[in-house]
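The structure appears right after this line, and notes come after that.
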Amino acid sequence: MMISDLSNKIQHKKANLAVIGLGYVGLPLACEFARVGFNVLGIDILDERVRRINKGDSPIKGIEPGLEDILAETVSKGTLRASLEYTDITDRDVILICVETPVGEDNMPHYDALRSALVSLGKLIKEGSLVIIESTIAPGTMQHLVKPVLEESSGLKLNEGFFLGNCPERVMPGKLLMNLRLLNRVVGGMTTETAEIMVKLYKHIVRADLDPVDCVTAELVKTVENTYRDVQIAFANEIALICEQVGGDVWKVRELVNKSPGRQMLYAGSGVGGPCIPKDPWLLASSVSGSQTPLSIIPAARNINDYMPTHMLNLIHAALAEHNRELAGAKIFIMGYAYMEETGETRNSPSQSLVYQLSDRQSQVIIHDPYVPQYQGSVLEMARDCDAAVLMVKHQFYQNLDLKTLRQVLRSGILVDGRSFFGVERANAAGLDYWVLGIARGVG
Ligand code: SAJ
């Protein structure tokens, strides 16, 4: 098929689409294209997920406004269906790949899922189709991995047998559909013409800027935007550590610093988790791993943010010591296991790291999280006879916690607050021995 034919089919929503990977990126994407009238085939490797989707039942955790209704509507209309098989991909004009791109212990990208999807697709790809990678990938991956793997598995040549682009997702758990519709997107094409056709496609579902660029720029923008955020948070965390030592309060310092023009200091906290921020800086750094480029800010920021759960452990240790208790044998109550507030997503959560470290020091850990089914329950009951309570995630659910009763049920009356969530006044009024990340003892 000529690229002009493809362009017309996309313009008139006659192009058949496929979305490979039906997770929190791919499923909303498939739903939105189906909702506006495209015929969409979803492909995934998990049979339970495929089964639920074909019943119009969303497998996505947490609250995602609108998603369930659109899924049910498009499945019942037949404009969206899911499959475990690649066989039906032979009639697809546009294939969007939304598979995971994790980094390993070596902080290098592991592209097994992406490579596997490309090999399976290549064997059946329709000549003249457009392949778009939505997954977050390191700069250079389109040129040095996606292109050669797809050419090898299909026997076709780029820009002759198939066209290729990279349009990085900008989703956020809890706002999947809203972000998809309203956030600006960079649209990277291996040729200018390809980028223009991709803009035509996304215009059907995105009501924001769609900026056509080359693929390296698209790969850079996505990894840089999240690396920028990681560095910003690391800066706030380092200031918190300084404040604790010099008699300061980082929460007050941040507020006053941000009254100075052009400052936007972020929040210090008990750590940085989630599926995006902890890994994207390493994807960016990996793009120069073979060169002599001297990176220092990016790895240093990652190390500071990864240290914060350990700092929480140190605060707990210091608090227990003042009550002549050791970590070994202490019972610690953890409030919040998700990676951030108002979500049940636990990937790379700072609490996972803290719980591991506490267990390693022979503490007994009781975990509560209102959004994580296995950790739901009565906070005050679960906290009973614990030596210390630790606030790791600022779920609004904890806002009205009765701190006086918490004091009564705790054995040593210690509350360690990783997000300055409860505040010194409230905690002291409840008679709690209150320790806050970023505030020196005796301040506030
Ligand atoms: N965090 C802090 N201090 C802050 C902000 C966040 O410690 O000031 C922590 C959070 O507790 C969490 C982690 O960092 O553990 C990540 O939080 P996040 O607010 O960055 O939320 P994410 O991980 O969902 O980031 C997403 C990203 N969006 C995409 O990748 C499409 C990110 O680029 C956005 O900036 C962010 O949402 C956002 O703005 O909400």
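The values are calculated or read from the model by the stated rules, or taken from the named source; none is laboratory data. This is a predicted model, so every value here is computed, not measured. Ideal geometry is used to build each Cβ from the backbone, glycine not excepted, and the neighbour counts take in all protein chains shown. For the accessible areas, the whole protein counts, side chains as well, though only heavy atoms, and no ligand, DNA or RNA atoms are used. Shrake-Rupley method; radii C 1.70, N 1.55, O 1.52, S 1.80 Å.
Numbers for the structure displayed
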item	result
Loop-located GluC sites (Glu not before Pro) in the stretch 15-109, at most 15 other Cβ atoms within 10 Å (DSSP)	Glu85, Glu105
Under 5 Å, built H, 5+ apart or other chain: amide partners of Cys167	Ile133, Glu134, Gly188
Accessible area expressed per residue, the chain, with surrounding protein chains retained (probe 1.4 Å, Å²)	43 Å²
Inter-probe distance in nm under a simple model that places probes 7 Å from Cα toward Cβ, at Val36 and Glu342	2.6 nm
Under 20 Å from the Cα of Lys9 - aspartates and glutamates, other chains or at least 8 residues apart	Glu32, Asp88, Asp91, Asp93, Glu127, Glu160, Glu193, Glu196
Segment Gln408-Thr191, length gained on full extension (0.36 nm per residue, minus Cα span)	71.5 nm
Surrounding net charge for Cys386, when Lys and Arg each add one and Asp and Glu each subtract one, Cβ distance under 14 Å	+1
FRET efficiency estimate (nearest 0.05) - Cβ-Cβ, Glu152 to Glu85, R0 30 angstrom	0.85
Net charge of Cβ neighbours under 13 Å - reference Gln352; Lys, Arg +1; Asp, Glu -1	-3
Residues Arg263 and Lys175, FRET efficiency given R0 of 25 Å [Cβ-Cβ distance, rounded to 0.05]	0.40
Cβ-defined net charge surrounding Gly128, 15 Å radius [Lys, Arg +1; Asp, Glu -1]	-2
Distant-in-sequence amide H partners of Asp417 (H built 1.01 Å from N, under 5 Å)	Leu391, Trp435, Val436, Leu437
Percentage, to the nearest whole number, of Cα pairs in the chain over 40 Å apart	28 percent
Trypsin sites (Lys or Arg not before Pro) lying in DSSP loop within the stretch 106-168, provided at most 11 other Cβ fall within 10 Å	Lys157
Angle in degrees between helix 26-35 and the longest Cα principal axis of the chain, rounded to the nearest 10	50 degrees
For Ala18, distant residues with modelled amide H under 5 Å away	Leu41, Val94, Ile95, Leu96
Cβ-Cβ FRET estimate between Lys14 and His110, R0 fixed at 41 Å, reported to 0.05	0.65
Extension reserve of the Lys123-Asn54 stretch, reckoned as 0.36 nm per residue once the Cα distance is removed	22.3 nm
Protein accessible area in the chain, 1.4 Å probe - carbon and sulfur %	51 percent
Vicinal HN-Hα couplings computed from phi for the stretch 138-145 (Karplus, 6.51 cos²θ - 1.76 cosθ + 1.60; Hz; Gly/Pro x)	5, x, x, 5, 4, 6, 9, 10
